[in-house]
Structures are given as structure tokens and as C-alpha cells.
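The values are calculated or read from the model by the stated rules, or taken from the named source; none is laboratory data. Computed from a predicted model, the values in this text were never measured in an experiment. Backbone-built Cβ (ideal geometry, glycine too); neighbour counts: all protein chains shown.
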Amino acid sequence: MNSKILQSGAENKLQQKNLGHFRSPAAEQAFQTAYAEAMRALPTPTATADVPTSFGSVRSYKFGNSKGTSLLLLPGRSASTPMWEPNVATLVQHRTAYTIDLIGEPGMSVQTRPFTNAGDQAVWLREALAGIGLPKVHLVGVSIGGWSAVNLALYAPDPIASLTLVDPASVFGRLTWKMIVVSLGSVLPFMPQAIRMTLLSWISGGAKADESVPIAKLIASGMRNYANKIPVPTYPSDEQLRSITVPVLALIGGRSIAHNPKKAEARAKRLLQQGQVELWPAASHAMNGEFPERVNQTILRFVDNVDSH
């Protein structure tokens, strides 16, 4: 066999070790089937695009066509656009909403270059905003999507009109051992499906999680079928959080296992220059799905107030 072909194959395998990827063609097909099923619960997008960036292509969806500054919704770990099903239909009645699948997470985005640090993760998101055509945007992030929003604010804040952080992970409180156990489901492909569903129910405050729930099925499929190669999220320092000058809405679940809720609330109130911080005692880490209308209306009031000032 040609030595160049052997060398190329070795390089491809080495590169794949550092890139998020589906574990096999069959794994990718299984995920895409679950993704298509979950997407059917959302309103029909007004536009779909694959936006090129320095770290791969970013799948973007546009919902609605309202005037004013748009929303950009960032999903959580092992999730993707369909996780916003409880929220999109209401939000687009008032604002144009864009969603993207995070590079390096299971979804329709494709990673082509490894991440070396948090700055890299800000680069692709900033490039995606430019490619979509969003010079100014209200970022809304759940869990690791909240971390991604804060990370962009630290490295490239210019396009950000405001940040809404829905129980953000590794931002105001360090990850708990419970959250780390849940995260193992996304790196251990041999974990039984029943245990994955139990972990999803656990992180969602006991909500039903099985194959009959499309978004639970999708997230479990992503955990099983996709190899995540994203670096461990860097925990922002006090100085970094103080440096954020845009308005921030921080919603923290009182029953969240992602962090210590009361300590996270206290840190957010202490450090944010323009922070509206709310602790919802009855909410878990999955608060956007538990209390969708309350979350939706709180977001809309916040961004309306930001724009009016």
C-alpha cells in the first residue's frame, strides 16, 4: 500500500482524537434520526444555514422575522437546537430568534479544528455571529450554553447587547460531583441506556426521561453516539466576571445539581456590574423546560428593558 495513504490515514486518526465526532456512520445516522424527530416539535424555521468558521461549520436556524435586536439561543451539553422546543414558539412572537448547534457538541455543526483553549471557543462563536449577520444580539444560554455566552463576553463582547444565563454551568459556581457524574454519560459510550435516562431525569429534577420524550431521546443519543473533545470549561475569575459590562440576567435553579445554588446566586450578585439575578427555589437545572412560560416572559421583559434604555 502507498506509504502516503498510510501516513494520511494515521494523520486522520490522530486528528479525529482531538475533534468532536460521531463514533461511527451508524451512530451518526441514529443521532440524525432522533434529531429530525425532535426538530418536528419546533416551529418551521424561516431560514437554515451552515456558517463557515475557523473551527468548522455551524448549523444555524432562524425563527420569525421581527424587527429589533434578535435573540441567539445557545443549548446545553450534549443538546442542540431541539432542546429549545419549550421556548421558541413564544419567543418568536416578539423577537426573531436564532439557534445554533455548538461546535464540538452532538448536532448538525461539524468541527474541523481542535480547540486548545477558551479563546478558541470564543473565536468560532464570534465568527458565526458575523456569518449569520448579527452585528448586535441578545445571547441566551442554558447550562454550558450560558458558559459559552459568558466566554464570548470575556473575549469578544462587541456584538453582545445582553446576556441571559439560564442556570449556567461553571460560571457562578464550580461544578458539583453530581454534575460530573452526569457528564460521564457523554464520555462513556458503553454506559447502559437506562442509566443515561436516569441521569437525565436526575439533572432535570426528576422529570420523565425515556425514549418516549423526543428531546430526552436526542440528548441520550448524543451522549451515546458522539465523542466530545471540548476542553473542560475554564472557571471565570472574580476579576473576569466584574469586567463584563453588558446587562446580564442570571436565572438560577434552587434545585440545580450543577452548582451550589445559593452560593452561585451570591457570587453573581456580588460581581456583576449590571446584573439581574433571580434564584427560583422550585426549579432544577432544566428550568427552561420546567417553567417555560415564566422563563420566556422573564427573558422578553429583560431584553425589552435593555433595548428601551
- Candidate set from the range 58-67 (those that are over 13 Å from Ala130 (Cα atoms) and not charged (D, E, K, R)); member that is nearest to the chain's Cα centre (by Cα): Tyr61
- Note on the structure: Among helices (runs of 4 or more DSSP H) completely within the range 211-309, the ones holding 3 or more residues that are more than 16 Å from the chain's Cα centre (by Cα) and among the charged types (D, E, K, R) are 238-242, 261-271, 292-308
- Query: Out of curiosity, is Ser70 modelled with pLDDT of 85 or more and over 23 Å from the mean Cα position of the chain (by Cα)?
  - Reply: no
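The rows are residues; the columns are (1) hydrophobic (A, V, I, L, M, F, W, C); (2) surrounded by 14 or more Cβ atoms within 10 Å (Cβ to Cβ).
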{"residue": "Asn228", "(1), (2)": "no, yes"}
{"residue": "Asp238", "(1), (2)": "no, no"}
{"residue": "Ser256", "(1), (2)": "no, yes"}
{"residue": "Ala266", "(1), (2)": "yes, yes"}
{"residue": "Leu272", "(1), (2)": "yes, yes"}
{"residue": "Ala282", "(1), (2)": "yes, no"}
{"residue": "Asn288", "(1), (2)": "no, yes"}
{"residue": "Pro292", "(1), (2)": "no, yes"}
- Does Met108 fit the bill of being surrounded by fewer than 20 Cβ atoms within 10 Å (Cβ to Cβ), among the hydrophobic types (A, V, I, L, M, F, W, C) and either under 30 Å from Thr234 (Cβ atoms) or within 16 Å of the chain's Cα centre (by Cα) (or both)? yes
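Quick grid of which residues meet (1) in contact with a helix residue (DSSP H, G or I) (Cβ under 6 Å, 6 or more places away or on another chain); (2) not aliphatic (A, V, I, L, M):
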| position | (1), (2) |
| --- | --- |
| Leu73 | yes, no |
| Ala79 | yes, no |
| His94 | yes, yes |
| Ala122 | yes, no |
| Ala130 | no, no |
| Leu134 | no, no |
- Message: For the range 259-309, which positions are of a type in the set (A, V, I, L, M), touching a residue at least 60 places away in the same chain (Cβ under 8 Å) and closer than 25 Å to Ala79 by Cβ?
- Response: Ala264, Ala268, Ala283, Ala286, Met287, Val295, Ile299, Leu300, Val303
- Query: Within the set of pairs 6 or more residues apart or between chains, which connect a residue that is under 18 Å from Val150 (Cβ atoms) inside the range 122-139 to a residue that is assigned to a helix (DSSP H, G or I) and among the polar types (S, T, N, Q) with Cβ atoms less than 9 Å apart?
  - Reply: Ala122/Ser148; Ala122/Asn151; Leu125/Ser148; Leu125/Asn151; Leu139/Ser148
- Task: Identify, from the list Ala34, Ala47, Ala27, Ala89, the residue that is surrounded by fewer than 18 Cβ atoms within 10 Å (Cβ to Cβ), in contact (Cβ under 8 Å) with a residue 24 or more places away in the chain and of a type in the set (A, V, I, L, M, F, W, C).
- Result: Ala89
- Task: Just give me the residues in the range 229-253 being touching a Lys or Arg at 6+ places or on another chain (Cβ under 8 Å) and either farther than 16 Å from Arg267 by Cα or modelled with pLDDT under 95 (or both), in sequence order.
- Result: Lys229
